[in-house]
Amino acid sequence: MIENMNVYEPDQNTLENDIEVFRGWLKGVLTVQPATITFTKKDGTERVMNCTLRGDMLPVVEIKEDKAPRKQNDSVLSVYDIDAQGWRSFTINAVKRVSFTMSDD
């Protein structure tokens, strides 16, 4: 098995003009495997988070039928923080770096 580390650092143009494409790409990566996301928090500090959206790594969530669905905010992505073992979110245009490993198996 060969593993390749992939790193993507979006430029400001991507974050301003292609945010929907970047969000879709990032969501696709996280659905396949965990990634390390570096982003700037709203308070200005930098955060590095190991996260995923891969189904077999997510906790089982009980769906309550009477609860109204949340309004979707496309500028924010909710992910499962592997280290904190909880759901977290970040603003897409605050992402500075995405690192993930692709295995050739």
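Is it the case that GLY44 is on the phi > 0 side of the Ramachandran plot and at pLDDT 90 or above? So GLY44 passes the test. The residues of the stretch 69-105 that are part of a strand (DSSP E or B), in contact (Cβ under 8 Å) with a residue 12 or more places away in the chain and among the hydrophobic types (A, V, I, L, M, F, W, C), listed by number, are VAL76, LEU77, VAL79, PHE90, VAL95, VAL98, PHE100, MET102.
The residue that is surrounded by the fewest Cβ atoms within 10 Å (Cβ to Cβ), counting only those in the stretch 79-105 that are of a type in the set (Ser, Thr, Tyr) and closer than 24 Å to GLN12 by Cβ, is SER89. When restricted to residues that are among the β-branched types (Val, Ile, Thr), surrounded by fewer than 18 Cβ atoms within 10 Å (Cβ to Cβ) and closer than 16 Å to MET5 by Cβ, the stretch 25-40 contains 3. For the stretch 29-64, the set of residues classified as farther than 22 Å from TYR8 by Cβ, touching a helix residue (DSSP H, G or I) at 6+ places or on another chain (Cβ under 9 Å) and not in a loop (DSSP other than H, G, I, E, B) consists of GLY55 only. In the set (1) modelled with pLDDT of 90 or more; (2) touching a strand residue (DSSP E or B) at 6+ places or on another chain (Cβ under 6 Å); (3) among the hydroxyl-bearing types (Ser, Thr, Tyr), the condition left unmet by SER103 is number (1). Taking each residue of the stretch 24-36 that is touching a residue at least 60 places away in the same chain (Cβ under 8 Å) and looking for partners that are hydroxyl-bearing (Ser, Thr, Tyr) and outside any helix (DSSP H, G or I) with beta-carbon atoms closer than 6 Å, six or more apart or interchain, yields PRO34/THR52; THR36/SER99. Do we have any residue at all in the stretch 56-69 that's among the hydrophobic types (A, V, I, L, M, F, W, C) and either at pLDDT 95 or above or surrounded by 10 or more Cβ atoms within 10 Å (Cβ to Cβ) (or both)? Within the stretch 56-69, one or more residues are among the hydrophobic types (A, V, I, L, M, F, W, C) and either at pLDDT 95 or above or surrounded by 10 or more Cβ atoms within 10 Å (Cβ to Cβ) (or both).
The values are calculated or read from the model by the stated rules, or taken from the named source; none is laboratory data. Being a predicted model, the structure only gives us computed values, none of them experimental. Methodologically, a virtual Cβ is constructed for each residue, glycine included, from the backbone with ideal geometry; neighbour enumeration extends over all protein chains shown.
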